[in-house]
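To start, the structure itself, in structure tokens.
The values are calculated or read from the model by the stated rules, or taken from the named source; none is laboratory data. The structure presented is a predicted model; accordingly, all values stated were derived computationally and were not measured. We place every Cβ from the backbone using ideal geometry, glycine too, and count neighbours over all the protein chains shown.
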Amino acid sequence: MSVFSPDLVDLNLVATDKVEAIQKMAAMVVAAGRGTDANQIAADVIARDEIGTPQVDGVAIPHARSAGVTQSSVVVARTAGVTFDPDEDPADVLFMILVPPGEGDEHIDILSSLARRLMDPEFTAALRNLSDANELSALLVNGQN
């Protein structure tokens, strides 16, 4: 089963800050049946964020291992802009990578695959322009390494 799914895509996430964005994305994981504890997931991602969240050209990639996750997952959200790093512009696309404890380096593999794809202007344009969660999920699944 893919780490990507249409039920993990929010094309219009409204959040006033990164904590609210992370909390809403964690709730999506539980609602999709891929996690059991949204509060634990959010706490783990926020704690991991303390040492930095990768960001490339308006795309932030918060990530964590979390006991609140039962299945490796990537939540994708578009926002009006959420600041993860005060030295960077606000991110308008978020990828939250989550893996259960004991999954080895799977999150690193997902992160590096996404980072490579973010260098492709056609891919990043599609991230920002596709208007359907199924299409966006398909784009991610079909190009997943």
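Values as computed for the structure displayed
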item: Residue in the stretch 79-92 that is farthest from A27 (Cα to Cα), counting only those that are surrounded by 19 or more Cβ atoms within 10 Å (Cβ to Cβ) and not aromatic (F, W, Y); result: A91
item: Where A67 falls short, out of the listed (1) under 15 Å from H107 (Cβ atoms); (2) touching a strand residue (DSSP E or B) at 6+ places or on another chain (Cβ under 7 Å); (3) among the small types (G, A, S); result: (2)
item: Qualifying residue in the stretch 44-67 (condition: touching a Gly at 6+ places or on another chain (Cβ under 9 Å) and among the basic types (K, R)); result: yes
item: Among residues of the stretch 35-55, those that are within 13 Å of the chain's Cα centre (by Cα) and in contact (Cβ under 8 Å) with a residue 40 or more places away in the chain, counted; result: 3
item: Options D105, D37, D44, D109; residue that is modelled with pLDDT of 95 or more and either crowded, with 18+ Cβ neighbours inside 10 Å or under 15 Å from V3 (Cα atoms) (or both); result: D44
item: Residue among G33, G58 that alone is in contact with a Pro (Cβ under 8 Å, 6 or more places away or on another chain) and closer than 22 Å to E135 by Cα; result: G58
item: Flag for A133 being small (G, A, S), surrounded by fewer than 17 Cβ atoms within 10 Å (Cβ to Cβ), closer than 20 Å to V30 by Cα and in contact (Cβ under 8 Å) with a residue 60 or more places away in the chain; result: yes
item: Members of the stretch 63-87 that are among the charged types (D, E, K, R), farther than 20 Å from V14 by Cβ and at pLDDT 90 or above; result: R65
item: Tally of residues being within 24 Å of P90 (Cα to Cα), over 13 Å from the mean Cα position of the chain (by Cα) and crowded, with 17+ Cβ neighbours inside 10 Å across the stretch 1-34; result: 1
